[in-house]
Number of protein chains: 4
Amino acid sequence: MSRPGLILKLSCSDQPGIVAKIASYVASHRGNLVAFEQFSDQLGGKFFARLEIQTQEFNVDVQDFIDGFGTLGRSLQANWHFRRLPYRMKTAVLVTKTDHCLNEILWRAELDELPIEITSIIGNRNSCRHIAEHANIPFHQIDMDGENRSLGFEQIHQLIIQQNVELIVLARFMQILPNGFCSAFAGRIINIHHSFLPAFIGANPYAQAYQRGVKLIGATCHYVTSELDAGPIIEQEVDRVHHFHTPSDLVRIGRHCERIALAKGIRFHVHDRTIIDGHRAIVFPD
Amino acid sequence: MSRPGLILKLSCSDQPGIVAKIASYVASHRGNLVAFEQFSDQLGGKFFARLEIQTQEFNVDVQDFIDGFGTLGRSLQANWHFRRLPYRMKTAVLVTKTDHCLNEILWRAELDELPIEITSIIGNRNSCRHIAEHANIPFHQIDMDGENRSLGFEQIHQLIIQQNVELIVLARFMQILPNGFCSAFAGRIINIHHSFLPAFIGANPYAQAYQRGVKLIGATCHYVTSELDAGPIIEQEVDRVHHFHTPSDLVRIGRHCERIALAKGIRFHVHDRTIIDGHRAIVFPD
Amino acid sequence: MSRPGLILKLSCSDQPGIVAKIASYVASHRGNLVAFEQFSDQLGGKFFARLEIQTQEFNVDVQDFIDGFGTLGRSLQANWHFRRLPYRMKTAVLVTKTDHCLNEILWRAELDELPIEITSIIGNRNSCRHIAEHANIPFHQIDMDGENRSLGFEQIHQLIIQQNVELIVLARFMQILPNGFCSAFAGRIINIHHSFLPAFIGANPYAQAYQRGVKLIGATCHYVTSELDAGPIIEQEVDRVHHFHTPSDLVRIGRHCERIALAKGIRFHVHDRTIIDGHRAIVFPD
Amino acid sequence: MSRPGLILKLSCSDQPGIVAKIASYVASHRGNLVAFEQFSDQLGGKFFARLEIQTQEFNVDVQDFIDGFGTLGRSLQANWHFRRLPYRMKTAVLVTKTDHCLNEILWRAELDELPIEITSIIGNRNSCRHIAEHANIPFHQIDMDGENRSLGFEQIHQLIIQQNVELIVLARFMQILPNGFCSAFAGRIINIHHSFLPAFIGANPYAQAYQRGVKLIGATCHYVTSELDAGPIIEQEVDRVHHFHTPSDLVRIGRHCERIALAKGIRFHVHDRTIIDGHRAIVFPD
């Protein structure tokens, strides 16, 4: 979206007239609604919406429009969020050794498929340093092993604050985040992990999947909460596998699912297409 | 949707304030918008919307609500259509020999996946009569070969009028429709046909697909216009094939794509999720 | 496969020369190998193969060919199985209330996509009786509730023996099979069950999947062993879902995955394309 | 495949005993067949096979084994080809402006998903030079516009010969190859192009696809012959699209299909999993 505009995300209890009120507010200031996606969750009694508004014809300052919405938003007892366009989300990418997810993100960012600005790549190993350097992005190697864990995450925390990072992507980052870190950046940390049908508990799920002869493997992109791998799902991908695929083939195919699901998940997030609602995410796909 | 309600489909030139006006009209009569899907086609400058409105709390008669919308609709120079819920669309199914699409429709109708009432099954052959009889649906065998073609289609035309049929499904009906018939029921005839990458011209595309070693075959469900197989696309399905699939395997796999694509296409149509716009259909998927 | 022939399935420890020995045996009797699929599992050190052999030019009786293979088979310490073609596998279908899987099987059998002869449909409820009757297949309603369970399964057991049933399909059969029953028909019982990413424990997985906002749901077709839902997987299907799909939409979409996965799984089994190896099935797809 | 070995590809008229003869030859020299895929095309009367043979236990030199096969191969009137493992195929990548396919190839090569050695990247524009330089691969900018076309392709031809290039990948190379070039490297040039259902003739197929409201777009990876875009298909990919996807969204999604299909197609080729047969390719997938 090249023209100046706004994205509004909103959730509240469902009630008659919400769409009329919001759309009338936009129209009364000569905003042009170019997209209005909504979901009325009749089981949970909640309303979710995402609007894209062109602002060229506004009869008020954009900031006044945003401020003025407060009266309506509060009367609906809503949570809402405005984003000014064009926008490029400041993003930190955390990695360990493998680079396939990092590469996918860098490549899509360069092609402008992902409107992000990667402010730093942070690794608990040095493996991805050369990739960061080639992309002219600062690389921070931070030790998080054993007793360095707390200190390490404190350093990351500070870096994120200093750089005004809005999104933290765990691109095959092989460390469990401290609860405090998860809470501090709730709704702003995206992870990718492998997915199997059925689920395999314990070490080396790929070997287990091979032994069990699964026909599909995949990956799940989700928000991180303090419950390990139980955060709201943003996107999932699967691919078909056969008995002749060795565990290392499964790793290769799973890797492919991971980078696709993660790239799509980030895209939905940075385009403000996701609204977190308890254990799930409403995702208005594009 | 079991509760009483309305579906409104609307298209018009895009202009600021449409959503506000429509939603305000609904809210002013205490309608509850449970779904509002819209698409603002910035390339074509058109606006398309589909609304689901609960009417229990209406402060007017439903018919008055519908009639009263005319003032707004005309001011927007819109095309619009209201449907009262619950609804079951009267449907005629046209067949020749093969029955896989017919069976899929019958089965989904019985499960209430398709809210249709099949008023008659019409065949230019007798092959599907036993299926119709078992389902307790009148079967009409109408000869359309050679010089009987005009008369045959006239008979179908009359039957459709008599039975107040709203939707005509060509479920592997192997006759080319006369132009007059297409025009008379424009936007109300749905066809399914096989699809190949690349397209194969001429007889026996399955044999050609085999000779060419295609890796994907599929089916396209579309509205029928007088341009053969060029009507607005509603749904498409593909499946993966291999060199070892014989032409008859391709037929089997294509058959599967056909029944899936056709069933989905009908579902979108009878739920008023499609809006025809020139050569294409806007489809709000469910 | 309309021409007379044989299918040979074989598994043994991997060792050099197996293919040469088998193919030479076939060639020495003027058999024509029209398909030879093999899988050499280098991790497990096992060899699996499936051969289709045309027998018109045989210089021996087919039975002598089969008997004569014993010398080679024993020298390889193999498990093997011959099937004479054309063949139609005697099949019993067990159902409870829902009929979508049953209907899919009946329809594909009629179209000859599944070379089976359904000798009886057995239900612990009467819901599917009319379907069986319309298809002219004997329906047996057998009570399996509470204390009738043992007796019920004994009756099924006897029926299967009497009718020389080779394959037992659980087409949404909502009873847990006794261990003895599973053992008695090991490798001959095929089940279908829903699959979720992540897996949901406990009642109503569809409601849980909705609450969790999953983006994919599916179905797994597998052989039944005494470990509940842990038998060798034959086929899996998934479909994409969205936040707006209610639990009943998920049931509908899951139902679709179930019938596809079950139909494919049965097809692989009756064409002797599966070889069970511990907890997994080798599946040579078609 | 890390252990030393051979891949044999072979095609000939179908005839009884082929598998026995080949497998016996392998076994008689103590080769261990770790994979034997074959396809007996009963419609065309042809036989195709691919074997992977471990050679550690050979009782002859590998070269003697290869030479010795000639007697059998000639008696079968076969075409055959041996490849010694491990192997890394010398590859030239031709590009114009867009780099998504080039990047995908580089990345997969680095991860060892593609066992290739890229000897040079050749562009008729300079756009991809920096990518080549970063990957330490020689970049050759060769002008092919207008009257420079013949000379340009001659230069490429010479470079390919000098570098012993075995595979030429057209990674969104926007020039039509001269017929002589196609013939000189028949079966060794792989192209990727977009695919649509239906096919769109003429300029800007993405705009046409948008106007027509297609629901699927894709890409086809194929061998290049002098018939434009009609060479044997190796792999195809599709992705689902919606009415709200603009032509530039379609380009983005199509781009994704292109890099996946091209990477898979190259993988099949360099693992000798393809056998060209007239207008089609037999592909033994992995």
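The values are calculated or read from the model by the stated rules, or taken from the named source; none is laboratory data. Keep in mind that what you see is a predicted model, and the values were worked out from it rather than measured. A quick note on method: Cβ atoms are made from the backbone with ideal geometry, for glycine too, and the neighbour counts reach across all protein chains shown. In case anyone asks, the SASA skips ligands and DNA or RNA and just uses the protein heavy atoms, side chains included. Shrake-Rupley method; radii C 1.70, N 1.55, O 1.52, S 1.80 Å.
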* Hey, does segment D:261-269 have a residue that's touching a strand residue (DSSP E or B) at 6+ places or on another chain (Cβ under 7 Å) and under 25 Å from B:Gly45 (Cα atoms)? -> no
* Take the residues of segment A:1-43 that are open to solvent by 50 Å² or more (accessible area, probe 1.4 Å) and more than 19 Å from A:Asp272 (Cα to Cα): which is nearest to the other protein chains (Cβ to nearest Cβ)? -> A:Pro16
* Asked: From the residues in segment B:269-279 that are within 13 Å of chain D (Cβ to nearest Cβ) and closer than 17 Å to B:Leu10 by Cβ, which one is surrounded by the fewest Cβ atoms within 10 Å (Cβ to Cβ)?
  -> B:Gly278
* Out of (1) modelled with pLDDT under 95; (2) open to solvent by 20 Å² or more (accessible area, probe 1.4 Å), what's the single condition that is false for C:Glu237? -> (1)
* To do: Tell me which residues, restricted to segment B:196-226, are among the small types (Gly, Ala, Ser) and on the phi > 0 side of the Ramachandran plot.
  => B:Gly202, B:Gly213
* Determine if segment D:195-205 includes at least one residue that is hydrophobic (A, V, I, L, M, F, W, C), touching a Phe, Trp or Tyr at 6+ places or on another chain (Cβ under 9 Å), open to solvent by 40 Å² or more (accessible area, probe 1.4 Å) and more than 12 Å from B:Pro198 (Cβ to Cβ). => no
* To do: Spot the failing condition for B:Pro205; the list is (1) farther than 14 Å from D:Ile233 by Cβ; (2) within 14 Å of chain D (Cβ to nearest Cβ); (3) touching a residue at least 24 places away in the same chain (Cβ under 8 Å); (4) out of contact with any Lys or Arg (no Cβ under 8 Å at 6 or more places or on another chain), and only one is missed.
  => (3)
* If A:Cys101 passes every condition in (1) under 21 Å from the mean Cα position of the chain (by Cα); (2) open to solvent by 80 Å² or more (accessible area, probe 1.4 Å); (3) at pLDDT 95 or above but one, which one does it miss? -> (2)
* From the list D:Asp277, D:Asp229, pick out the single residue that is among the acidic types (Asp, Glu) and on the phi > 0 side of the Ramachandran plot. => D:Asp229
* **Exclusive hit being open to solvent by 50 Å² or more (accessible area, probe 1.4 Å) and more than 9 Å from every other protein chain (Cβ to nearest Cβ), set C:Ile161, C:Ile156, C:Ile217** => C:Ile161
* Mind checking whether some residue in segment A:247-259 is of a type outside the set (Lys, Arg), open to solvent by 10 Å² or more (accessible area, probe 1.4 Å), touching a Gly at 6+ places or on another chain (Cβ under 8 Å) and assigned by TED's automatic domain parsing to the domain that holds A:Gln163? -> no
* Asked: If you scan segment C:178-194, which residues turn out to be open to solvent by 60 Å² or more (accessible area, probe 1.4 Å) and under 16 Å from the mean Cα position of the chain (by Cα)?
  -> C:Ser183, C:Ala186, C:Arg188
* Does any residue in segment D:18-30 that is under 12 Å from C:Ser28 (Cα atoms) come within less than 9 Å, Cβ to Cβ, of a residue that is in a loop (DSSP other than H, G, I, E, B) six or more places away or on a different chain, and which pairs are these? -> D:Ile18/D:Leu76; D:Ile18/D:Ala78; D:Lys21/D:Leu76
* Structure fact -> In segment B:89-131, residues that are aliphatic (A, V, I, L, M) and within 13 Å of chain C (Cβ to nearest Cβ) total 7
* Asked: How about segment A:235-256: which of its residues are in a strand (DSSP E or B) and more than 7 Å from chain C (Cβ to nearest Cβ)?
  -> A:Glu237, A:Asp239, A:Arg240
* Looking at segment B:44-58, is at least one residue assigned to a strand (DSSP E or B), touching a residue at least 12 places away in the same chain (Cβ under 8 Å), of a type in the set (S, T, N, Q) and more than 13 Å from chain A (Cβ to nearest Cβ)? -> no
* **The one condition in (1) away from chain D (no Cβ under 14 Å); (2) in a strand (DSSP E or B); (3) basic (Lys, Arg) that C:Arg74 fails to fulfil** => (2)
* To do: Of all residues in segment C:197-232, count the ones that are part of a strand (DSSP E or B), touching a Gly at 6+ places or on another chain (Cβ under 8 Å) and closer than 20 Å to A:Gln211 by Cα.
  => 4
